[in-house]
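What follows is a single structure, written as structure tokens, with notes after it.
The values are calculated or read from the model by the stated rules, or taken from the named source; none is laboratory data. From a predicted model like this one, the values you see are computed outputs, not experimental measurements. Because the Cβ atoms are built from the backbone with ideal geometry, glycine has one as well, and the counts that use them run over all protein chains shown.
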Amino acid sequence: MRRVGTVRLAARSDALVRRGALLLEDALRTASFPDGGPGRVLLIRSLRVGVIQGHLPPASLALSLEQRVRELAISAVYAGEDSAAHRDAVFFRDDAEPTVALARRLVRGAPVTGWFWPLAVPGFHPSQPRDESLRLVLATALRTSAGPAAAMRLVETLHAEGGLDLLLGALRWHEGPVLLQSLGSRPPGPVLPTEVPAPGETARVLPSAPLRASVARWVETWGAEDARSVWLTAVALVLERWGRLADVRLVERAARLAAGLVSGPARTARGRDGHEAPPSSPVARGGSTEALPPEGNGHEGGVPSADSKQPTRVAAPEEDSRSAPSAPRHEPGPAPTTLKPPASSALVAPERPAPEAPGMEAGSQPRAPWPEVPLPTVAGGLLFLVPVLERLGISTLLEEHPSLLELDLTDRLLSFIAERLGVPATDPSRVILETHLRGPRPVHCPFALPERLRTQVAIRREDAPLAFHEGGPLERTVLTDATGRLPLAVTYGVEPGGANPPPERTLAPALRGEDDLGLLLLGLRTAARRWCRRYARLGLHELVRRPGRITATRTHVDVLFDIQQADIRVRSAGLDVDPGWVPWLGRVVRFHYLHGES
């Protein structure tokens, strides 16, 4: 979408002005404007069109506009630089970064008068109260291509900066359901006493003591049944292990943990409309009354024409327009002595030392950001396996076996495939996957591959699938397809399908000595290889081992290929179509074919 704020045209007659306006309108509709780079968001302050020749077609003017925008894109600077406010074009690395950058400046008290902030975060104005701005930032983050992950990236950054309490203090009680809806769930029902987590479970699933203490403090303030408490606990769970974003039971699990964090009965107050509100203490007078602000009226994209000084936003390619429902706006009123929704007061926590980054030991430094320059990789096609795994039913597998999310199964699988194909451990394709891998491999990890996978790649014969029994304290049964080389399930103490194979039958050599997780990784790799052979007519090595470049942020991964490397087999199978937001990977994945990126 392209919107122009103000157009200034000058000519000798009104007829020439109208002719110029028509030519400019057609040119803006047909021009192919470049972006700031793969995955980037380019913001342009103003653009001079120059002299419009009335006797030339709109296509010539469109070419001129494209050239001018291209020059601005080349000269654009990163929005975080000190000189950004004085430049005509700036960029962000992805569409979730503007909200994070603005929130950091708000909690630090840094100036936010740069011309590009109202474009980067539609609806923002430097004169807004900080509470209102922080709520707007959170609502905007939920509408980015990363959706809930962008909001979690925002919370993670503010927690590391020591400013998370300012964001949480700005939230109103009636905004909690909106936040839970962003996770794909409605507020859960009340937690029964028997469902409260066992002692030590909270510390096990939230090992970061600073993050756990911050969550517990706000759950005590709001009450365990407050939707904000459930949302914050869910965010903390994901920050400790990003694969939990794909857990369909995330909200229910967060509700249980929130109930375990409350040391006493939940404190609530009643508002005028009968809904529960948070306690009146601690209360800071003076604030705003908005719920998560609705989408602003800022410019969604475009190029200002003529000598317009109206800032313009050119969006990144295929930017999603996710929107979260929000409560209606209310005009701020005088601060009441007690908190009643909607109120003009904001919950704030007492000042505390700045917490460490989640998942970091005390005194350690956070992980360095990904370099701005795309890094070369020998496994540019590794993420082509994302649509392959989706078609094999990886989402169903994780839904039926949520414990696999705690093992970072998908990151382990992609890294395992890359390792087996000879990709070095220092290759960027593996680094972005192995950053969060931690914890020992489990001794037992029973599983059953989804029926969709068995239908597509398992080889069947008239006989039942092969079952192999292994003795021990807990007898393990491994179920494979008819070839004996594709593990389909692992169970303990139960014979799948009642099969009773001969005693002399043993596992194939490639499967012997593997633990449960090893069998699962081998099974999924074999399934992916067979799928590629059967439906794309190319091997796994040929698909994955292709040169490219990778650029990554906390929530986005962009893979760049030389246009000459385009493979008709990959295109025909739809493997290089942008997957977009991938919940079980916790990232937005995009592919780009450019010139000279070999």
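Overview of results
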{"quantity": "Strands (runs of 3 or more DSSP E) lying entirely in the stretch 535-598 (those with 2 or more residues that are farther than 15 Å from residue 414 by Cα and of a type in the set (Ser, Thr, Tyr))", "calculated": "none"}
{"quantity": "Single unsatisfied condition, residue 62 versus (1) in a helix (DSSP H, G or I); (2) aliphatic (A, V, I, L, M); (3) touching a residue at least 40 places away in the same chain (Cβ under 8 Å)", "calculated": "(3)"}
{"quantity": "Matching option when the condition is within 25 Å of residue 552 (Cβ to Cβ) and at pLDDT below 85, among 36, 80, 5", "calculated": "36"}
{"quantity": "Residue 539 surrounded by 17 or more Cβ atoms within 10 Å (Cβ to Cβ) and either at pLDDT 95 or above or of a type outside the set (D, E, K, R) (or both)", "calculated": "no"}
{"quantity": "For residue 39: the one exception among (1) in a helix (DSSP H, G or I); (2) within 29 Å of the chain's Cα centre (by Cα)", "calculated": "(1)"}
{"quantity": "Qualifying residues in the stretch 554-570 (those that are touching a helix residue (DSSP H, G or I) at 6+ places or on another chain (Cβ under 8 Å) and at pLDDT 90 or above) - the one surrounded by the fewest Cβ atoms within 10 Å (Cβ to Cβ)", "calculated": "569"}
{"quantity": "Scope the stretch 114-163; condition within 24 Å of residue 584 (Cβ to Cβ) and touching a strand residue (DSSP E or B) at 6+ places or on another chain (Cβ under 8 Å); matching residues", "calculated": "145, 146, 147, 149"}
{"quantity": "Near pairs, Cβ below 6 angstrom, 6+ apart or cross-chain, from the stretch 545-562 (farther than 11 Å from residue 377 by Cβ) to any residue that is among the acidic types (Asp, Glu) and not in a strand (DSSP E or B)", "calculated": "553/94; 556/94; 562/597"}
{"quantity": "Test: residue in the stretch 3-26 that is hydrophobic (A, V, I, L, M, F, W, C) and under 30 Å from residue 561 (Cα atoms)", "calculated": "no"}
{"quantity": "Checking residue 222 against (1) at pLDDT below 90; (2) in contact with a helix residue (DSSP H, G or I) (Cβ under 7 Å, 6 or more places away or on another chain); (3) not hydroxyl-bearing (Ser, Thr, Tyr), the condition it does not meet", "calculated": "(1)"}
{"quantity": "Qualifying residue in the stretch 448-455 (condition: under 19 Å from the mean Cα position of the chain (by Cα) and in the same structural domain as residue 555 (by TED's automatic domain parsing))", "calculated": "no"}
